[in-house]
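Have a look at the structure below before the remarks.
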Amino acid sequence: MELSEKTIGEWLEYWATETPDKEYLVYSDRNLRFTWREFNERVDNMAKGLMAIGVRRGTHIGIWATNVPDWLTFLYAGAKIGAVLVTVNTSYKQNELEFLVKDSDIQTLCITDGVFDGSYVDMVYTMLPELKESQRGYLHSERFPELRNVVYIGQEKYRGMYNTAEILLLGSNVDEDQLLEAKRLVQCFDVVNMQYTSGTTGFPKGVMLTHHNIVNNGLFTGEGMKFTPDDILCCCVPLFHCFGVVLATMNVLTHGSKQVMVEKFDPLVVLASVHKERCTALYGVPTMFISEMNHPMFEMFDLTSLRTGIMAGSLCPIEVMRAVTDKMHITHITSVYGLTESSPGMTHSVLEDSFEARCTTVGKEYPFTEVKILNPDTGEECPVGVQGEVCCRGYLIMKGYYKNPTATDEVIDKNGWLHSGDIGVKDENGYYRITGRIKDMIIRGGENIYPREIEEFLYHLDGVRDVQVAAVPSPKYGEEVGAFIIPKEGSALTDEIVKDFCRGKIARHKIPKYVFFIDEFPMTGSGKIQKFKLKDLSLELLKGQEII
């Protein structure tokens, strides 16, 4: 296997020529289906439409939407003409949106109505009051000088905004030769996608990823799961995140497979899509798989077509991986470890790995990738079995943080190693385990405690549906262990039952001092649990009590 030097557009055109009538993109819940040829034609029309409104090589296009059918159309259309697609987290609110639009120099912003409790249309008008008085394509904002166009993804019309149909219509007036010339200039090492780190701490930073970064990461992800054109992947993870746009979309693109999309995560739609389309692979973060298996209609669906998939996005509990194998027929569930800055996959447990290795490790390094465990204090490589910071080097390293060389230099050292901020360990067989984040580590009276170890232990307690362990401030020890548990329905768990389960089985200083029963974890839009918010939540729940 070699590194691919095809661009995203070249891969799309390859399959549109090789298997033109094979289905590529499917929305099973509305029976919307595109073959490779049909989708490629729509992408070309959209690319010409974007050119008609001033999008050129290097232009930044923002997309703020759930996994709607034209999300991928905009990705590929921009990629074909050398533009950069900037993804916007679907759960962003006003301040976050304005920060990203300004920081990323977006020229064209594409939006839908919105999700959850926020209207994207209203927030855009709040950000750009002049939009209602502007002719489409002639926006001039003092606060956002780069922004020229707002596109509504859909048929509805909003003052000052184009809609999708109008972009496609404008594209019909652009000469085909202009599109061919734009395509000719695109190189595989050009930036094609910019994703903002989810901002669990500090301001988000724009991670610049090239065709070469993400195409190859998708290619090797699929190789690790033995993907072929016959595979059918159900993608219910958000496209604005690397999990959706790389591990799913780039995998399917490089293997000529079928991508079954779920617009917004709903366990019932996922189960029905797998059942109806006979999907062979399913992706998700641990909480998604837990929601699917706990759905009251779970038993109604035939999931026997499933063979593989990826559980990633946060540390994957071993017990959940075992349950997915047993109950969902995903006999070869794998996990990918990485971060946006590494495109994202750094290590992957693959089909050849034993069941035990796939359940208890994140596998070995990707092809053409170096991974080391480095001592965060000395920078020296840790011996086998000794925990340190997980670092990697190779084709997968981002081009850098947008307009932020200082931050780039803080994570990529002079030898080209990307520092993840995660704690991990390499075993004698070359497999990696992730034990937590450097900043998540609990320091209790000088003892280093890794939350992952306690979480894995607590998953064995009957009645625990999901659990996270985080630091609770303590005047005496600096920090104490807090266990935040989502109990199973009908469970009679108490804090004393939890502590009793731990006694004599794990070291005394690791036993949770505090046990909190909650309904849900604070999450980012991409499904990552925000542990730093658990610390704040503990103080709220302990208000009025003496903390010792």
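With a ≥ b ≥ c taken as the square roots of the eigenvalues of the C-alpha gyration tensor of the stretch 401-548, please select rounded if a/c is under 1.5 and otherwise prolate if a/b is larger than b/c or oblate if it is not? Don't jump to the answer; show the numbers that get you there.
Working: a/c = 1.79, a/b = 1.61, b/c = 1.11.
Since a/c reaches 1.5 and a/b is larger than b/c, the shape of the stretch 401-548 is classed as prolate.
Which percent of the accessible heavy-atom area of the chain goes to carbon and sulfur, probe 1.4 angstrom? List each step's numbers first, then the result.
Details: 11020 of 22310 Å².
Its accessible area is 49 percent carbon and sulfur atoms.
I need two numbers for the stretch 374-468: Rg to one decimal and Dmax as a whole number, Cα atoms only, in Å.
Looking at the stretch 374-468, its Cα Rg and Dmax stand at 16.1, 50 Å.
Please list log₁₀ I(q)/I(0) at q = 0.10, 0.13 Å⁻¹ for the stretch 87-242, using the Debye equation with identical point scatterers on the alpha-carbon positions.
Listed by q, the Debye log ratios stand at -0.48, -0.81.
So what is the relative contact order for the chain, in percent, with contacts set as C-alpha pairs under 8 Å and at least six apart? Could the numbers behind the result be given before it?
Values: 1143 pairs, mean separation 56.4, N = 548.
Contact order relative to length: 10 percent.
Using Stokes-Einstein with the Kirkwood hydrodynamic radius over Cα pairs, what translational diffusion coefficient do you get for the stretch 461-533 at 10 °C and a viscosity of 1.306 mPa s, in µm²/s rounded to a whole number?
120 µm²/s
Between residue 536 and residue 377, what is the label-to-label distance in nm when each label sits 7 Å out along the Cα-to-Cβ direction?
Each label point lies 7 Å from its Cα, and together they span 3.2 nm.
For the stretch 250-292, what is the accessible area per residue in Å², given a 1.4 Å probe and the full set of protein chains? Numbers along the way, then the final one.
Details: 940 Å² over 43 residues.
Ligands and nucleic acids excluded, the figure is 22 Å² per residue.
About the Cα centre, and with charges only on the beta carbon of Lys, Arg (+1) and Asp, Glu (-1), how big is the dipole of the stretch 391-503? Nearest 20 debye, please. Intermediate results must be reported in sequence, preceding the final value.
Numbers: 15 positive and 19 negative charges, 108 e Å.
Using Cβ point charges on Lys, Arg, Asp and Glu, the stretch 391-503 gives about 520 debye.
Per residue, what accessible area does the stretch 107-232 have, given a 1.4 Å probe and all protein chains present, in Å²? Walk me through the intermediate numbers first.
Values: 5690 Å² over 126 residues.
With the other protein chains kept in place, the stretch 107-232 gives 45 Å² per residue.
Per the chain: cysteines with no other Cys C-beta under 4.7 angstrom?
110, 188, 235, 236, 242, 316, 359, 382, 391, 392, 502
Whose amide H sits under 5 Å from the amide H of residue 192, counting only residues 5 or more places off or on another chain, with H placed in the peptide plane?
Excluding prolines and chain starts, which carry no amide H, the hits are 209, 210, 211.
How many times 2.2 N^0.38 Å is the alpha carbon radius of gyration of the stretch 255-396? Before the final figure, lay out each step's value.
Numbers: Rg = 16.9 Å, N = 142, 2.2 N^0.38 = 14.5 Å.
This ratio for the stretch 255-396 stands at 1.17.
How far apart, in nm, are two points set 7 Å out from the Cα along the Cα-to-Cβ line at residue 331 and at residue 169?
Once both label points are built, they end up 5.4 nm from each other.
Under a point-charge model restricted to the Cβ atoms of Lys and Arg (+1) and Asp and Glu (-1), what is the dipole moment magnitude of the chain relative to its Cα centre, in debye to the nearest 20? Don't jump to the answer; show the numbers that get you there.
Numbers: 56 positive and 75 negative charges, 88 e Å.
Roughly 420 debye, rounded to the nearest 20.
Taking amide H positions as placed 1.01 Å from N in the peptide plane, with prolines and chain starts having none, which residues 5 or more places from residue 150, or on another chain, fall under 5 Å of its amide H?
For residue 150, the qualifying residues are 109, 137, 162.
Quote to one decimal, in nm, the extra length available between residue 18 and residue 413 on full extension: 0.36 nm per residue of separation minus the C-alpha distance between them. It would help to have the intermediate numbers written out before the result.
Numbers: separation 395, 0.36 × 395 = 142.20 nm, distance 4.25 nm.
Answer, rounded to one decimal: 138.0 nm.
Under the rule of at least 5 residues apart or a separate chain, name every residue whose amide H is placed under 5 Å from the amide H of residue 515.
The list, which skips near neighbours in sequence, is 483.
So if the hydrodynamic radius of the stretch 254-329 is defined as the Kirkwood radius over C-alpha pairs, what does Stokes-Einstein give as its diffusion coefficient at 37 °C and 0.692 mPa s, in µm² per second?
On the way: Rh = 12.7 Å.
Rounded to a whole number, D works out at 258 µm²/s.
Rounded to whole Hz and in sequence order, give me ³J(HN,Hα) for the stretch 370-377 from the Karplus expression 6.51 cos²θ - 1.76 cosθ + 1.60, θ = phi - 60°, writing x for Gly and Pro.
9, 10, 9, 9, 10, 5, x, 8
So what's the projected area for the stretch 44-162, the Cα convex hull averaged over all directions, in nm²? Write out the running numbers ahead of the final one.
Values: hull surface 26.0 nm².
In nm², the orientation-averaged hull projection of the stretch 44-162 is 6.5.
Evaluate E = 1/(1 + (r/R0)^6) for residue 184 and residue 488, where r is the Cβ-Cβ distance and R0 equals 56 Å; express this FRET efficiency to the nearest 0.05. Provide the component values of the computation, followed by the final result.
Numbers: r = 58 Å, r/R0 = 1.03.
For residue 184 and residue 488, the calculated efficiency is 0.45.
With the Cα gyration tensor of the stretch 488-528 giving a ≥ b ≥ c as the square roots of its eigenvalues, does the rule (a/c under 1.5 for rounded; else a/b larger than b/c for prolate; else oblate) give rounded, prolate or oblate?
On the way: a/c = 3.02, a/b = 1.59, b/c = 1.91.
Taking the square roots of the gyration eigenvalues as a ≥ b ≥ c, the stretch 488-528 is oblate.
Report the per residue volume, in Å³, of the convex hull enclosing the C-alpha atoms of the chain.
On the way: hull volume 86.3 nm³, N = 548.
Convex hull volume per residue, Cα atoms: 157 Å³.
Expressed in nm to one decimal, what extension gain is obtained for the pair residue 115 and residue 318 from 0.36 nm per residue of sequence separation less their Cα-Cα distance? Write out the running numbers ahead of the final one.
Values: separation 203, 0.36 × 203 = 73.08 nm, distance 3.20 nm.
Difference between extended and current length: 69.9 nm.
As a test, work out the antiparallel percent of DSSP beta bridges whose residues both lie in the stretch 18-155, rounded to the nearest 5. Mind dumping the intermediate values first?
On the way: 4 of 16 bridges.
In the stretch 18-155, DSSP labels about 25 percent of beta bridges as antiparallel.
For the chain, what is the percent of antiparallel DSSP beta bridges, rounded to the nearest 5? Please list the in-between numbers first.
Numbers: 47 of 83 bridges.
Of all bridge pairs located within the chain, approximately 55 percent are antiparallel.
Leaving out ligands and nucleic acids, and using a 1.4 Å probe, what accessible area per residue does the stretch 369-518 come to in Å²?
Per residue, the stretch 369-518 has 49 Å² of solvent-accessible surface.
May I ask which residue of 262, 342, 280 lies farthest towards the positive end of the charge dipole of the stretch 258-346, with charges of +1 (Lys, Arg) and -1 (Asp, Glu) on Cβ and the Cα centre as origin?
Positive-end residue among those listed: 280.
Where a Cα-Cα gap under 25 Å defines reach, which lysines qualify for residue 535, not counting those fewer than 8 residues away within the same chain?
Here the lysines satisfying the reach criterion relative to residue 535 are 93, 205, 439, 476, 488, 499, 510, 513, 543.
Step through the residues of the stretch 94-110 one at a time and calculate ³J(HN,Hα) from phi using the Karplus curve (6.51 cos²θ - 1.76 cosθ + 1.60, θ = phi - 60°), rounding each to whole Hz and writing x for Gly and Pro.
Per-residue couplings from phi come out as 3, 5, 5, 4, 5, 4, 5, 4, 6, 5, 8, 6, 5, 9, 10, 10, 9 Hz.
In whole Hz, with x marking every Gly and Pro, tabulate ³J(HN,Hα) for the stretch 426-437 from phi via Karplus 6.51 cos²θ - 1.76 cosθ + 1.60, θ = phi - 60°.
Per-residue couplings from phi come out as 10, 8, 5, 9, x, 8, 10, 10, 9, 10, x, 9 Hz.
The values are calculated or read from the model by the stated rules, or taken from the named source; none is laboratory data. Computed from a predicted model, the values in this text were never measured in an experiment. Quick reminder, even Gly has a Cβ in these numbers, built from the backbone with ideal geometry, and neighbours come from all protein chains shown. Heads up: the accessible areas ignore ligands, DNA and RNA and are worked out on the full protein's heavy atoms, side chains in. Shrake-Rupley method; radii C 1.70, N 1.55, O 1.52, S 1.80 Å.
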